[in-house]
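No lab work stands behind these numbers, since they all come straight from the coordinates. Bear in mind that the values here come from a model prediction, so they are computed numbers and not experimental data. Glycine also receives a Cβ, built like all others from the backbone with ideal geometry; neighbour counts cover every protein chain displayed.
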């Protein structure tokens, strides 16, 4: 009886140890899916060996021969657009999230709304541009862009008005989700 109990406990322990959380689409501090803050551009083909890497051939950068790198699943679905830095050994500086499966540890992603952002994060700053507002978060490398089309008409066409977080409707949809690594 004792050996059966020990065997069951051992099986349960081994089963729980083997359960690994799939982080392919998670955005956490210093990590976006398979990439981390120190990932080198030259290693992208290894990191995404089962996916497709496409370098932007229209603009050149003397340090890495490519300005942007797009990552696609084998089926053709866009995952990420990466912008390398200009260091002698380039790493990733900016990441544009293209796939709705990518979410932060708090569950916010491209399919989320402004309410999801403000309920889960502290907003550090709202930057107003001609067509969008950019939401910067406190203590996070993630930032969001919301189209002015999602705003009330009184704010949509005003070019010199600084929009505040309280003016953005809760149901405003996220247009872009980005991660900036300095």
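Here are some notes:
- Ordering of 123-132, 151-160, 25-34 by packing [mean C-beta count within 10 Å, highest first]: 25-34, 123-132, 151-160
- Remark: the range 22-98 projects, on average over all directions, an area of 5.0 nm² (convex hull of Cα atoms).
- Cα convex hull of the range 54-182, projected area averaged across orientations, nm²: 9.4
- Contour minus Cα-Cα distance for residue 101 and residue 176 (0.36 nm per residue): 25.6 nm
- Taking the centroid of alpha carbons for each part, the range 83-134 and the range 30-46 are 17 Å apart.
- Sequence-distant contacts, meaning Cα pairs under 8 Å at least 6 residues apart, place the relative contact order of the range 22-98 at 23 percent.
- Alpha-carbon Debye profile of the range 106-182, log10 I(q)/I(0) at 0.18 Å⁻¹: -0.65
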